[in-house]
Amino acid sequence: MSFVINPIGILGEAEAAKMLEEKGFRIVEHNWRMGHLEMDLIAENKKEIVFVEVKARTSTFGDHMPEEYVDENKKRRMIAAGNAYIKYKRSEKLPRFDIIGILVNPKTNEVIYRGHLENAFVPHLRTIHANSFSGVSGWHHRGHTIERKKR
């Protein structure tokens, strides 16, 4: 599979990373992939791990800003990628799913808008807990842990 290099996308992801760093997060992954799963950015602070979809555009579409263009299918893929990353890295941090929208002037490549939807959506079962390797699976949901023993 070959990937097309999108300069607006690259600029948008760099700007999104800068935004997260300004808010005290450390970027741990850029364009993370595992099989068919992918995440634009993964960042963390002492308590949270943030999975970020970046939407960079050169214009708005009607009244909608770039960050408003993440559909339910993309959210499901983000959740699957977040689960895979947490299992792979055995992370114990609370997960969060963010969407960042960036508008770029196509003539000057100047960023003209930055929008950040923090905790843009909350899955019913937020993540697979790192204990799932021991036969116990668990999920964090709004500070509560639900555990299920493997049968």
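Every read-out reported here was derived from the displayed coordinates using simple, explicitly stated rules and does not represent laboratory data. Bear in mind that the values here come from a model prediction, so they are computed numbers and not experimental data. As a convention, Cβ positions derive from the backbone with ideal geometry for all residues, glycine included, and neighbour counts pool all protein chains shown.
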- [ ] For LYS74, list the lysines whose Cα falls under 17 Å from its own Cα; do not include residues on the same chain fewer than 8 positions away.
- [x] LYS55
Task: Centroid-to-centroid separation of region 83-102 and region 1-72 [C-alpha atoms, Å] - done: 12
Task: Modelled label reach - ARG26, point 7 Å along Cα→Cβ, region 46-74 residues with backbone N closer than 17 Å - done: 46-51
